[in-house]
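Below is one structure, written out as structure tokens, with a few remarks after it.
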Amino acid sequence: MMSFELPTSEFEGRYRKEKNARAKTRLHILLLRRQKYSQLEIAAMVRVTQGTVSNVCQRFKKEGWLSVYDKQRDGRPSRLTHKQQIELKRRMSEEFVDEKTRRGWQTKDVRMLLKEEFKTRYTPQHTRRLLHKIGMSWKVPRPEHKNRDPVAIETFKKTLRGRSCLWQMNTKSSA
């Protein structure tokens, strides 16, 4: 059972150190409540409803500091096991070979791999979500050659049906 009688410095310190935005908002509410602001004033300052302020304060009294963090939620289990996700990542670290062409992976290629190797179907959007989860990023190739022809580029843009996007491993670059 927690109370707002703790030192204000305790609330301020936790608020300053917090990185999670939702937890920081809740800590801000608690700090303002500790500073004797009313629920209406806090709701106006933090831009939440008065009910939210009340709920945050009540949870804090019952559960303590852990109440500012989101609770774990149940969800549908992934169709791919952890081992299968590791295998998918390993397979994608190699270049995609399409007949004689060697290139990066496109979302449609990954969907085909998932269907053939792991016997599961994903929508394109869910495939992209899965790939981000296993540490892949979506890179769009933008090659520029010194002898490129601007007229040919415009013609190509007008006749191109879509953008070719490839999946690659995440790197620590700033680009």
At a Förster distance of 45 Å, what's the computed FRET efficiency of Gln106 paired with Arg16, Cβ-Cβ distance as r, to 0.05?
-> 0.50
Return the sequence-ordered ³J(HN,Hα) values of the range 57-71 in whole Hz as given by the Karplus equation 6.51 cos²θ - 1.76 cosθ + 1.60 applied to θ = phi - 60°, using x for Gly and Pro.
-> 5, 5, 4, 4, 5, 7, 10, x, 5, 5, 5, 7, 9, 5, 7
Given charges at Cβ of Lys, Arg, Asp, Glu: the chain dipole, positive-most of Ala44, Ser54, Thr123 | Thr123
Rounded to the nearest 20 debye, dipole of the chain from Cβ charges on Lys, Arg, Asp, Glu = 240
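Report, in listed order, any pair from Lys19/Lys133; Lys89/Lys139; Lys24/Lys89 with a Cα-Cα distance greater than 24 Å.
Numbers: Lys19/Lys133 21 Å; Lys89/Lys139 16 Å; Lys24/Lys89 34 Å.
From the list (Lys19/Lys133; Lys89/Lys139; Lys24/Lys89), the Cα-Cα distance tops 24 Å for Lys24/Lys89.
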Once fully extended, how much extra length lies between Thr81 and Lys139, figured as 0.36 nm per residue of separation less the alpha-carbon to alpha-carbon distance?
-> 18.3 nm
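Which of Ile86, Ile134 has the fewest other C-beta atoms within 10 Å, and how do the rest follow up to the most?
By the 10 Å Cβ count, ascending: Ile86, Ile134.
Summing Lys, Arg as +1 and Asp, Glu as -1, what charge do residues with Cβ under 15 Å from the Cβ of Arg16 carry, Arg16 excluded? Mind showing how you got there, number by number?
Values: positive: Arg14, Lys17, Lys19, Lys24, Arg26, Arg34; negative: Glu10, Glu12, Glu18.
Value of the local net charge: +3.
Tell me the mean residue ellipticity at 222 nm calculated for the chain from its helices only (DSSP H runs of n ≥ 4, each -39500 (n - 2.57), averaged over every residue, nearest 500).
Details: 8 runs with 88 residues, N = 175.
Rounded to the nearest 500, it is -15000 deg cm²/dmol.
None of the figures in this text is laboratory data; all of them are computed from the coordinates on show. None of the values given here were measured: they were computed from a predicted structure. Heads up, the Cβs are rebuilt from the backbone with ideal geometry, glycines too, and the neighbour counts pull from every protein chain shown.
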